[in-house]
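Visitor: Quick one: the structure is below, questions incoming.
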Amino acid sequence: MAIIGIIMGSDSDLKVMEDAAKILKKFDVEFELTIVSAHRTPLRMVDYATTAKKRGLKVIIAGAGGAAHLPGMVAALTTLPVIGVPIKSSNSIDGWDSVLSILQMPNGVPVATVALNAAKNAGILAVEILATSDESLSEKLMEFKKDLQGDVTEKIKKMKGDWVNGFDK
């Protein structure tokens, strides 16, 4: 049963939003992924948001470009945490319209906002939220973060010559 919902305003957002799905798969977290347009299918959006908790979802990741109303409107309709992913779309003003539309939510309707096109971070944040009450996920996150540290350590070892300063010698 899905416990994370991944929604997006258009199929053109899928390339970005797949990164959230990949992270959730890495952590063996069940999710659903679909298109829910705030502007073109508003009743579908209302139905999705108002039934999400009853259907077993614990977090919703919502990606949107342009005016990017989807994350905020979904957050207004549910008590579940919503993570907004601003997407640089074809009709976007270099992505800034999406970032600001999701970031600038009014008091009382929070949306956690990740960086432009950063669905991977949205997936990680969703796992971190779940891990507050799931020790197994918490342990997987610790391993994930150790792997990140290991990646950096390997990159430092690959640096040679003048690029390595006294700190790393």
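Visitor: Checking the conditions here, which among 53, 15 is charged (D, E, K, R) and farther than 18 Å from residue 99 by Cα?
Guide: None of the others qualify; the one that does is 53.
Visitor: Could you please give the count of residues in the stretch 71-89 that are in contact with a helix residue (DSSP H, G or I) (Cβ under 9 Å, 6 or more places away or on another chain), β-branched (Val, Ile, Thr) and part of a loop (DSSP other than H, G, I, E, B)?
Guide: The number of residues fulfilling the criteria is 1.
Visitor: Out of 72, 63, I need the residue that is outside the structural domain of residue 145 (by TED's automatic domain parsing), in contact (Cβ under 8 Å) with a residue 12 or more places away in the chain and more than 15 Å from residue 120 (Cα to Cα). Which one?
Guide: None of the other options fit; the residue is 72.
Visitor: Please specify each residue of the stretch 90-108 satisfying the condition of being touching a Gly at 6+ places or on another chain (Cβ under 7 Å), surrounded by 13 or more Cβ atoms within 10 Å (Cβ to Cβ) and assigned to a loop (DSSP other than H, G, I, E, B).
Guide: Scanning the stretch 90-108 gives 92, 105.
Visitor: Let me ask another. What number of residues within the stretch 2-25 satisfy the criterion of being without any contact (Cβ under 8 Å) to a residue 60 or more places away in the chain and closer than 15 Å to residue 141 by Cα?
Guide: Qualifying residue count, the stretch 2-25: 1.
Visitor: Given the condition among the β-branched types (Val, Ile, Thr) and within 14 Å of residue 119 (Cα to Cα), answer yes or no: does some residue in the stretch 24-38 qualify?
Guide: No, the stretch 24-38 has no match at all.
Visitor: Answer yes if at least one residue in the stretch 126-137 is acidic (Asp, Glu), in the same structural domain as residue 66 (by TED's automatic domain parsing) and on the phi > 0 side of the Ramachandran plot, and no otherwise.
Guide: Within the stretch 126-137, not a single residue is acidic (Asp, Glu), in the same structural domain as residue 66 (by TED's automatic domain parsing) and on the phi > 0 side of the Ramachandran plot.
Visitor: Let me ask something additional. Does the stretch 124-140 contain at least one residue that is outside any helix (DSSP H, G or I) and either closer than 17 Å to residue 10 by Cβ or touching a Lys or Arg at 6+ places or on another chain (Cβ under 8 Å) (or both)?
Guide: So far as the stretch 124-140 goes, no, none of its residues is outside any helix (DSSP H, G or I) and either closer than 17 Å to residue 10 by Cβ or touching a Lys or Arg at 6+ places or on another chain (Cβ under 8 Å) (or both).
Visitor: Being of a type in the set (Asp, Glu) and not in a loop (DSSP other than H, G, I, E, B) is the filter; apply it to the stretch 1-54 and report the residue that is surrounded by the fewest Cβ atoms within 10 Å (Cβ to Cβ).
Guide: That would be 11.
Visitor: Give the residues of the stretch 154-169 that are closer than 23 Å to residue 120 by Cβ and either surrounded by 10 or more Cβ atoms within 10 Å (Cβ to Cβ) or at pLDDT 90 or above (or both), sorted by residue number.
Guide: 156
Visitor: Return yes when residue 120 is within 19 Å of residue 24 (Cβ to Cβ), basic (Lys, Arg) and in a helix (DSSP H, G or I) and no when it is not.
Guide: In short, yes.
The values are calculated or read from the model by the stated rules, or taken from the named source; none is laboratory data. Model, not experiment: these values are computed from the prediction. Here Cβ is always computed from backbone atoms with ideal geometry, including for glycine, and neighbour counts include all displayed protein chains.
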